[in-house]
Amino acid sequence: MSVKTGDSTSRKPRRLTTDLKDGRSVEVEISGEPDNHARVDVRLECGRRWVFGVNDDVAVPLFDLDADGYGNRSEELPTWIEPLLRRLGLKGVDQ
């Protein structure tokens, strides 16, 4: 999994793009300070989206949406999300 980052010195949301092992592309947007009080938005190229809040360097799932914009909070997170968030410097995901 490779990660390409945007400008980390800007106060604007930071966007990162990575490719999963299965060939799909994922875009990650970090709004706010990356260590605390941030929002991390993870989007698959097919339209699926997960949004996390960050508290004490831990990602907290807020909601996830399918490609049509409907909520899916009852589903488990994909196995690739937590390692991706750890590569961004977070300690993990609070399930």
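A few remarks follow.
- Only one of the numbered conditions (1) under 11 Å from the mean Cα position of the chain (by Cα); (2) of a type outside the set (Asp, Glu); (3) surrounded by fewer than 16 Cβ atoms within 10 Å (Cβ to Cβ) is violated by residue 93, and that is (3).
- Candidate set from the range 76-95 (those that are among the basic types (Lys, Arg) and more than 15 Å from residue 53 (Cβ to Cβ)); member that is modelled with the highest pLDDT: 86
- Tallying residues that are more than 14 Å from the chain's Cα centre (by Cα) and closer than 23 Å to residue 32 by Cβ within the range 56-68 yields 1.
- Among residues of the range 37-53, those that are part of a loop (DSSP other than H, G, I, E, B) and surrounded by 15 or more Cβ atoms within 10 Å (Cβ to Cβ), counted: 2
- Looking only at residues in the range 54-90 that are outside any loop (DSSP other than H, G, I, E, B) and charged (D, E, K, R), the one that is surrounded by the most Cβ atoms within 10 Å (Cβ to Cβ) is 64.
The values are calculated or read from the model by the stated rules, or taken from the named source; none is laboratory data. Everything quoted here is computed from the prediction, not taken from an experiment. Here Cβ is always computed from backbone atoms with ideal geometry, including for glycine, and neighbour counts include all displayed protein chains.
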